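Contents: one structure, followed by commentary.
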Amino acid sequence: MPASPADTSAAVVQIHGLRKRYGSKTAVDDLHLTAGAGITAVLGPNGAGKTTTVETCEGYREPDAGTVRVLGLDPIADAARLRPRIGVMLQSGGVYSGARADEMLHHMAKLHAHPLDVQALIERLGLGGCGRTTYRRLSGGQQQRLALAMAVVGRPELVFLDEPTAGLDPQARRATWDLVRELRADGVSTILTTHYMDEAEQLADDVAIIDEGRVVAQGSPEELCRGGAENTLRFTGRPGLDVASLLKALPMNTAAAELTPGAYRVTGTVDPQLLATVTSWCAQHGVLPDRISVERHTLEDVFLELTGKELRG
């Protein structure tokens, strides 16, 4: 499945021909990626090169070859101009272990001209009871939420979120999702790396799948799932239905079969019209389906087909 880059006219990140090696190991190999406004999820198995790619965008890695532009700027050469415009959430937190949570957040807010309300953000992310606790004494989930708060408190134009919900309980995870959606509504773009497929499906406007140092597919979750195997409709009824008659009623390039007695499968482009055609045919032939279901490719299906690996491989 070829990559389908976002519209470059509204790009917040543009990467062309990126290469990065560590000794004899090639981490990123001629990678091309364009991320537009909104939320772009970057997925890939461990060792695929996604972390190196994102760290290069953040200015923490210098490319061996290729060009990287973030908000139109070079993350290395234009670092002083770029830093105030972006927020970065690192898995390690990037916080001095002896600092208190509230003082770190207030410090970050003072570095920006129009920060979010610090106290409101603390309460929003469930950090109200640990503001005066040092970073080293926070739980893993609290450290994660503090790192997120520090990344977004400056109201950046673009925020990089690295595994923002890793280790969070379901309530905190949902609160994080809501915050990311609100940032998008306020015009903040997000580059999100995650190991949770449902997170990418729920949040992302665009998904880039990286494998072996290259982008192997890019598009919206709907586009990527639609581009996989054809959708399938299944229903059960009495055995021996006239499948040939059903097939005549269906659109071109659609197949129908009785897989086992009473179990029927229709494959093709499954849309509301096809579903209506099948149910209408059943009604005309006195068939009351015991069960009818539409099966669609998930993002995880597409990921496994493209990479052959589990996300946490």
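No value in this document is a laboratory result; all are computed from the given coordinates. No experiment lies behind these values; they were computed from the predicted model shown.
Any idea what diffusion coefficient region 163-313 gets from Stokes-Einstein, in µm²/s, Kirkwood Rh on alpha carbon pairs, 37 °C, 0.692 mPa s?
For the chosen part, D equals 180 µm²/s.
On C-alpha positions alone, give me the angle between the axis of helix 272-284 and the longest principal axis of the chain, in degrees, nearest 10.
Tilt of helix 272-284: around 30 degrees.
Evaluated at 10 °C with a viscosity of 1.306 mPa s, what Stokes-Einstein diffusion coefficient in µm²/s does region 231-296 have when Rh comes from the Kirkwood expression over alpha-carbon pairs? All intermediate terms of the calculation are to be shown ahead of the outcome.
Working: Rh = 11.6 Å.
Using the Kirkwood radius from Cα pairs, D works out to 137 µm²/s.
Which residues' amide hydrogens lie under 5 Å from the amide hydrogen of Val270, considering only partners 5 or more residues apart or on another chain, with H built in the peptide plane?
Asn231
Reachable lysines from Lys25, Cα under 21 Å, same-chain residues fewer than 8 places away excluded?
Lys50, Lys309
Using only Cα atoms, tell me the angle between helix 101-110 and the longest principal axis of the chain; keep it within 0 to 90° and round to the nearest 10.
The helix 101-110 is inclined about 80 degrees to the chain.
Extent of region 202-264 along each principal axis, from alpha carbon coordinates, in Å, largest to smallest?
Taking max minus min along each principal axis of the Cα atoms, region 202-264 gives 51, 24, 22 Å.
So if I take the centroid of the Cα atoms in region 258-313 and the same for region 90-159, what is the distance between those two points in Å?
Each part reduced to its Cα centre gives a spacing of 46 Å.
Going by Cα centres, region 210-257 and region 42-82 are how many Å apart?
Computed from Cα coordinates, the inter-centre distance equals 38 Å.
Evaluate Rg over Rh across the chain, taking Cα atoms for both radii and Kirkwood's formula for Rh.
On the way: Rg = 23.9 Å, Rh = 21.9 Å.
Ratio of gyration radius to Kirkwood radius for the chain: 1.09.
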